[in-house]
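Q: Please see the structure below; I have some questions.
The values are calculated or read from the model by the stated rules, or taken from the named source; none is laboratory data. Being a predicted model, the structure only gives us computed values, none of them experimental. Virtual Cβ from ideal backbone geometry, glycine too; neighbours counted across all protein chains shown.
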Amino acid sequence: MDEKSSLGMGHYLAVLRRHWKTVVAAMLIGLLLALAYLLTGGARVTASALVNVNVIVSDPFNPSRPASGLLDTATEGEIASSYVVASEASKEVPGGDSTADLRNNVDVKTGSDGTTALISYSSRTEARAVDGADAMAASYLAYRQDQADARRTTMRNQLEEQLAGLTTSLAAPGADRVTLTNRISNIESEINELNAIDTTGGTVITPAAESPVSTNYTRVLGSGLAGGLVAGVLLAFLSHALRRRVNDGYDVEQAGTGPVLAELVSPEPTLPARGAELDAYRAVRERLFAGRGPVTALAVIDATSGRAFYPVAPNLSVVLAQAGFEVELVLMGTTPEEMELMTEALQLRFGANEGGAEVLVSESVPGLRVVEAVRGTDRDADDYVTDAVRRRFLARKDSLPVVVLALPADAPSASRMAAARLAGAAVLTVEGGRTRREEAEVTATELAGVRAELLGTLLVRGGRRMPRTPRSAEQKARRRAPEPVAS
């Protein structure tokens, strides 16, 4: 199997694995429909009668041609399921199935020797199936005998007419008595041979009452499951083709924004992260360092729906600071509510006003500073990545501190490209079930266009909300800048 085939098979398996609930649901629906069909009259019991078909010949002991060669199996099958046979059979089962039912539900299979036939009949109950199979078998054999008797009678009448004519000619004066006598003798021999022919249609070897019956339960239920499976697979691929949102790591990689650095699934994210999410952020930090060496700048691009606050950039900054780095988190376009949450969670206090930006220092995370950048004006290079942000970034010495540029979910494409180009590397945050795949694909293309390296994606669970507690007056005072003292 070549690489393309492996990738194609992997794609199909991934789609089915993602939509396995759809496939299972379709199979269950198919099974329920099949069960409903059986319960509403679709259940059938099949009984079979085995008959030995008599080959009607003038010399049954003549070995020149086998009996099977004298029977046309297709014709015999048509006769056994004909209206005439079914009509006579219906008279044998008063109160049973109708002529149309008998004809439509009978099946005839001839044996390999051509002289046996298995006549099967299906009905709603076992008794009706047995009666119908036996009646059809008896009617079929009786019809064959009636037809043979009729043909023999016709031939005998013709021979007797010839015999009467020859006898009259023999009594006439001057008749050739020798010739006429020989012809009369031959006709009498033919009549005797006709009278000796066995016109019995055949015999029932095994009546339906003595044969095991079968039902269509397994076949119908199996067909329901198989139909549900096919429908489920088709629905799975249709749903995959129509789905336009990122739901899991497979979608992330298909959008070209992989690999998935972490999946954050806690319904209530915390800042700083705790437990499993803290381990996830630390794993992201190690992957970032393992992939390209020391990280000196990183743009965190928010491609979520913006309905909730996801503290991805702050938590990445925290784990970088915990690794011993001096970290500066530059917040661009952060709302007052989000800023208040971060101030409380990271115990931020006022540090300084530098270049029109307020610098806050974390008392709980040594080495972490937070810069709240002011949104730019029409004269700035960008609404979010302002001239002040660019100057601050370029003024670093020896690539210190490590700068994390955090953009909000509503940042335009130009701001995302500017931040990624300035940092040289970026990570993307997408929201499961809400971020559009098209947006993720466009972002990956835009970053490639400015030669910024997309290191990977963090996939967060949709609808996450950070728990919030009221801030005390002391915390609010710590956040504010000191008032100037009059000289």
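Every residue, every condition in (1) closer than 25 Å to Ala255 by Cα; (2) touching a Lys or Arg at 6+ places or on another chain (Cβ under 6 Å); (3) modelled with pLDDT under 90, yes or no:
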| residue | (1), (2), (3) |
| --- | --- |
| Leu271 | no, no, yes |
| Val284 | yes, no, no |
| Ala290 | yes, no, yes |
| Pro294 | no, no, yes |
| Leu298 | yes, no, no |
| Ile301 | yes, yes, no |
| Ser305 | yes, yes, yes |
| Ala313 | yes, no, no |
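Q: I would also like to ask the following. Out of (1) more than 30 Å from Glu126 (Cβ to Cβ); (2) crowded, with 17+ Cβ neighbours inside 10 Å; (3) not assigned by TED's automatic domain parsing to the domain that holds Thr334, the odd one out for Leu242 is which?
A: Checking Leu242 against (1) more than 30 Å from Glu126 (Cβ to Cβ); (2) crowded, with 17+ Cβ neighbours inside 10 Å; (3) not assigned by TED's automatic domain parsing to the domain that holds Thr334, the one that fails is (2).
Q: Output the number of residues of segment 170-218 satisfying the condition of being of a type in the set (A, V, I, L, M, F, W, C) and exposed (fewer than 12 other Cβ atoms within 10 Å of the Cβ). Before the answer, list the steps.
A: Initially, segment 170-218 is screened for residues of a type in the set (A, V, I, L, M, F, W, C), giving 170-172, 175, 178, 180, 184, 187, 191, 194, 196-197, 204-205, 208-209, 213.
Filter again for exposed (fewer than 12 other Cβ atoms within 10 Å of the Cβ), leaving 171-172, 178, 196.
Counting residues in segment 170-218 that are of a type in the set (A, V, I, L, M, F, W, C) and exposed (fewer than 12 other Cβ atoms within 10 Å of the Cβ) gives 4.
Q: Looking at Ala262 and the list (1) assigned to a helix (DSSP H, G or I); (2) closer than 26 Å to Ala452 by Cβ, which single condition is not satisfied?
A: For Ala262, the exception is condition (1).
Q: Could you tell me whether any residue of segment 166-176 is assigned to a helix (DSSP H, G or I) and of a type in the set (Val, Ile, Thr)?
A: Just the residues of segment 166-176 that are assigned to a helix (DSSP H, G or I), to begin with: 166-171.
With the extra rule that they be of a type in the set (Val, Ile, Thr), the set shrinks to 167-168.
The answer is yes, given that some residue of segment 166-176 is assigned to a helix (DSSP H, G or I) and of a type in the set (Val, Ile, Thr).
Q: Among the candidates Ser123, Ser139, Ser169, single out the residue that is without any contact (Cβ under 8 Å) to a residue 60 or more places away in the chain, closer than 17 Å to Pro207 by Cβ and of a type in the set (Gly, Ala, Ser). Outline the logic, then answer.
A: Details: Ser123 fails: without any contact (Cβ under 8 Å) to a residue 60 or more places away in the chain; Ser169 fails: closer than 17 Å to Pro207 by Cβ.
Checking each option against the conditions leaves just Ser139.
Q: Starting from residues that are in a helix (DSSP H, G or I) and touching a strand residue (DSSP E or B) at 6+ places or on another chain (Cβ under 6 Å), keep the ones in segment 394-435 and report whichever is surrounded by the fewest Cβ atoms within 10 Å (Cβ to Cβ).
A: Going residue by residue through segment 394-435, those that are in a helix (DSSP H, G or I) are 394, 413-423.
Retained after the next criterion (residues that are touching a strand residue (DSSP E or B) at 6+ places or on another chain (Cβ under 6 Å)): 416, 419-420, 423.
Values: Arg416: 25, Ala419: 29, Ala420: 31, Ala423: 23.
Checking each candidate, the answer is Ala423.
Yes/no per residue for (1) out of contact with any strand residue (DSSP E or B) (no Cβ under 8 Å at 6 or more places or on another chain); (2) in the same structural domain as Ala129 (by TED's automatic domain parsing); (3) under 25 Å from Tyr143 (Cβ atoms); (4) polar (S, T, N, Q):
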residue: Asn157; (1), (2), (3), (4): yes, yes, yes, yes
residue: Glu160; (1), (2), (3), (4): yes, yes, no, no
residue: Leu170; (1), (2), (3), (4): yes, yes, no, no
residue: Ala208; (1), (2), (3), (4): no, yes, yes, no
